[in-house]
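Readers should treat all values here as calculations from the given coordinates under stated rules, not as data from a laboratory. Note that this is a predicted model, so its numbers are computed, not measured. No Cβ is skipped: glycine too gets one built from the backbone with ideal geometry, and neighbour counts run over all protein chains shown.
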Amino acid sequence: MTQTLNPQTHASTEPVQVQNLIGGQWLDASDGETFETRDPHDGSLLGVVPRGSAQDGQAAVDAARAAFDDGPWAWMSPKERGKILHAVADAVDDHREELAMLETRDGGKTITQSLHAEIPRVAHNLRFFADYVAMAGNEAYPDGDLFSYTLYPPAGVVSAISPWNAPLMLATWKIAPALAFGNTVVLKPAPQTPLTAHRFAQLALEAGMPEGVLNVVHGFGGDEVAGPLTGSRKVDRITFTGSSATGVKILQAAAVNHIPVSAEMGGKSAQIVFADADLDIAVPKAIRGIFGGNGQVCLSGTRLLVQNSIREEFLARFVEETQKLTIGDPKDPATFLGPLIEQDHLDKVHGYVELAREEGGEIVTGGQRLSGEGLDDGFYYPPTVITGLTNQDRVAREEIFGPVETVLGFDTEEEAMAITNDSDYGLAGMLFTSNLDRAHRMASRWKAGTVWINTFFERDLRLPFGGEGSSGLGREGGQYSRDFFTEPRAVTIRL
Ligand code: NAD
């Protein structure tokens, strides 16, 4: 059914015929509707995908419900479940090149990132949560003639709704803990990037995942396939990663049946560079902090705050290094920046650059769609640096989700902190300084779920991950995933 890609030639044999996985069955959409997924580099057809209806979404929820209620997944020991999750992780490792190439072709992510960061993280997500659940301790409170302890039974059926910007890495960030804690899952990948979820589901079944425990449906939100994933009474948890606007709709739908939601949403993070920073570290990290992942990363440091005393020097180095970034075919290991995901998104990103001009900004580099050999058929946009704006301008306040950096100045720590926290979002922050006191002080005041100091993108899966304000609701990771994906229960015995 699925055609594999040849990692040597980077060529697919023919478009993948994607199907929904419901209760262990591979199915087309019940009404036969399909949509296409295309390569953002050259527009070539990569796959034909079922456009699931609400009926298909409900069938997947029903299958997950039956698999949960009838067992044995929910009541297996964590060690037994862990064995299966480890087998799936091994299968991911064994198919790393194929999955990485699928990810790169479907979403435009560079092959270096897919192969060396994201697909390895998929396997790590699975192994980490399999082992975490098997090794987690528990609390017990002997109190006179009373003895109390906590149980963590699985919550039940989990809907996992994921975005296109790090497709399989973010999907498994949700389904690995959900499954490890004994839940059954319905995954709905983003319609722009369905291919790795499809291949992953095949590998998971082959590796021993019981029928109905992992279901995957493809298509769109609202009244279509995602409707029952957020609106059915048979769903016990919703874990969502995507835009803040969609998050609000999901929260509203979930509220009707009081289904708890974990929402990881948009960002407008700051990266702050002090005069005492080591610029040999700060310049490349800040470049990766905004232009890595083609600028389509929720955590990106989209507001670059530079202390005014080094502003000129820093900016000169930042722009010089930015202009050296290699842009082009994401399948080429030398490429740093590939295409944006789709035409609409390119238009949105460029619209913000136009808005920056209107708001009085100066485009220091970039700012026009790229064309030329190898670029004309793709959605290529250059790394763009804007100065001359304030933190009150829309470009500095709204999520652009592209390779666009807004540079702001500051004089004092207090000023930097005030600008940083003056945002609707609160996802992440990066700080470059050699003053450790300042680093701890600012980290404690930063309105953000994650703060990185003199580094970027390091993720320890035991730590909480999530955001404040428009960036999210709740945290996942380690014990935070346990608290979300289980229904903690207090048990007290009179001895
Ligand atoms: P999106 O909100 O458009 O879509 C995300 C998912 O939600 C997709 O699967 C989509 O089909 C589905 N969806 C859309 N409407 C729905 C509805 N009414 N009901 C149920 N599901 C619905 O987001 P996107 O464009 O795919 O992703 C980019 C966004 O994701 C950015 O805002 C980015 O910041 C955010 N993001 C956040 C994190 C994080 O960890 N905080 C990580 C990655 C991306």
Legend entry - Cβ crowding within 10 Å averaged over residues, with 33-42, 170-179, 284-293, 468-477 ranked highest first: 170-179, 284-293, 468-477, 33-42
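Less than 15 Å Cβ to Cβ from Gly266, Lys/Arg counted +1 and Asp/Glu -1: what total charge do the surrounding residues give? Please list the in-between numbers first.
Working: positive: Lys249, Lys268, Arg303, Lys348, Arg394, Arg397, Lys447; negative: Glu264, Glu398, Glu399, Asp424, Glu468.
For residues surrounding Gly266, the net value is +2.
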Inset, instruction - May I ask you to order 108-115, 69-76 by the average number of other C-beta atoms within 10 Å around their residues, highest value first? - result: 108-115, 69-76
Legend entry - Backbone HN-Hα couplings from phi across region 256-269 [Karplus 6.51/-1.76/1.60, Hz, Gly and Pro as x]: 4, 9, 6, 8, x, 10, 9, 10, 10, 10, x, x, 8, 6
Inset, instruction - Tabulate in residue order the Karplus-calculated ³J(HN,Hα) for region 424-440, using 6.51 cos²θ - 1.76 cosθ + 1.60 with θ = phi - 60°, rounded to whole Hz; enter x for Gly and Pro. - result: 5, 9, x, 8, 8, x, 10, 10, 10, 7, 9, 9, 5, 4, 4, 4, 5
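Glu468: net charge of surrounding residues, Cβ under 11 Å, Lys/Arg +1, Asp/Glu -1, itself excluded? Numbers along the way, then the final one.
Numbers: positive: Lys447, Arg475; negative: Asp424.
It works out to a net charge of +1.
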Inset, instruction - Work out Dmax and Rg for region 259-393 from the C-alpha atoms and quote the Rg first, both in angstrom. - result: 15.8, 52
Inset, instruction - Name the long-range amide H neighbours of Val364: under 5 Å, sequence gap of 5 or more, or other chain; modelled H, no Pro or chain starts. - result: Val385, Ile386, Thr387
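Add -39500 (n - 2.57) for each DSSP H run of 4 or more in the chain, then divide by its residues: what number comes out at 222 nm, to the nearest 500 deg cm²/dmol? Please report the intermediate quantities before stating the final value.
Working: 15 runs with 180 residues, N = 495.
Taken over the chain, the calculation gives -11500 deg cm²/dmol.
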Legend entry - Cα centroid separation, region 223-239 to region 337-374 (Å): 36 Å
Legend entry - Counting DSSP beta bridges with both ends in region 370-495, the antiparallel % (nearest 5): 35 percent
Legend entry - the chain: antiparallel DSSP beta bridges as a percent of all, rounded to 5: 45 percent
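Tyr141 to Asp483: extension gain in nm, 0.36 nm per residue of separation minus the Cα-Cα distance? Mind showing how you got there, number by number?
Values: separation 342, 0.36 × 342 = 123.12 nm, distance 1.90 nm.
The span from Tyr141 to Asp483 would gain 121.2 nm if fully extended.
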Inset, instruction - Show the residues, 5+ positions off or on another chain, whose built amide H is closer than 5 Å to the amide H of Ser53. - result: Ser30, Asp31
Inset, instruction - Using only the Cα atoms of the chain, construct the convex hull and provide its projected area averaged over every direction, in square nanometres to one decimal. - result: 24.2 nm²
Legend entry - Amide H within-cut-off set for Arg38, under 5 Å, with H built and near neighbours excluded: Leu46
Legend entry - Assigned charges on the beta-carbon of Lys, Arg, Asp, Glu; the chain dipole about Cα centre (debye): 1180 debye
Legend entry - Using θ = phi - 60° and Karplus 6.51 cos²θ - 1.76 cosθ + 1.60, couplings along region 30-38 (whole Hz; Gly, Pro as x): 4, 9, x, 5, 9, 9, 9, 10, 10
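Where does the charge balance sit around Gly378 when Lys and Arg score +1, Asp and Glu -1, over other residues with C-beta under 14 Å from its C-beta?
Surrounding charge for Gly378 is -4.
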Inset, instruction - Pairs to check: Lys174/Lys249; Lys83/Lys109; Lys109/Lys188; Lys249/Lys348; Lys188/Lys348. Give those whose C-alpha atoms are more than 28 Å from each other in this structure. - result: Lys83/Lys109
Legend entry - Loop-resident sites, region 102-156, for GluC sites (Glu not before Pro), counting at most 11 other Cβ within 10 Å (DSSP): Glu139
Legend entry - Rounded FRET efficiency, nearest 0.05, which uses the C-beta distance separating Asp94 from Phe220 and R0 of 41 Å: 0.80
Inset, instruction - Normalising by the residue count of region 270-344, find the relative contact order in percent from Cα pairs under 8 Å and 6+ residues apart. - result: 32 percent
